[in-house]
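The values are calculated or read from the model by the stated rules, or taken from the named source; none is laboratory data. Keep in mind it's a predicted model, so treat the numbers as computed, not measured. Neighbour counts run over all protein chains shown; Cβ positions are idealised from the backbone, glycine included. Note: areas computed on protein heavy atoms with side chains; ligands, DNA, RNA excluded. Shrake-Rupley method; radii C 1.70, N 1.55, O 1.52, S 1.80 Å.
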Amino acid sequence: HYAFSQNAEARIYIRDARGRTLRTLTPTTRAAENGDPNTGSAIWDLRDQRGVVMPSGVYNVELVALSPDGQRSRQIRPYLLSR
């Protein structure tokens, strides 16, 4: 789940330790649920873009916010996957 302070388009990437993009997630806005178009969520099913199950390891989840006036912001969080 995420929330922005202003209107922005979200993009979410799953990257490996080398920075390669393994999966691009399509977030959904939650405006229909709570009336706030600046909130949203995305779910990673622990698979790469081809549908292959990811092995144990450390991955980075990157949230990029792009505002209508061209401002860009990003946050990166590590994700430890252990099987």
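Key figures for this structure:
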quantity: Computed magnitude of the charge dipole of the chain (debye, nearest 20; Cβ of K, R +1, Cβ of D, E -1); calculated: 440
quantity: Accessible surface of the chain, 1.4 Å probe, proportion on carbon and sulfur as whole %; calculated: 49
quantity: Accessible solvent surface per residue of the chain, calculated while the other protein chains remain in place, 1.4 angstrom probe, Å²; calculated: 69
quantity: Most mobile listed residue (SER56, SER67, SER41) in the chain, GNM with C-alpha springs under 10 Å; calculated: SER56
quantity: Contact order normalised by residue count of the chain, Cα under 8 Å, 6+ apart, percent; calculated: 31
quantity: Solvent exposure, largest accessible area first (probe 1.4 Å, DNA, RNA and ligands not counted), of LEU46, LEU80; calculated: LEU80, LEU46
quantity: Estimated [θ] at 222 nm from DSSP helical runs (n ≥ 4, -39500 (n - 2.57)) normalised by residues in the chain, nearest 500; calculated: -500 deg cm²/dmol
quantity: Descending semi-axes in whole angstrom, ellipsoid equivalent of the chain, from the Cα gyration tensor; calculated: 25, 14, 10
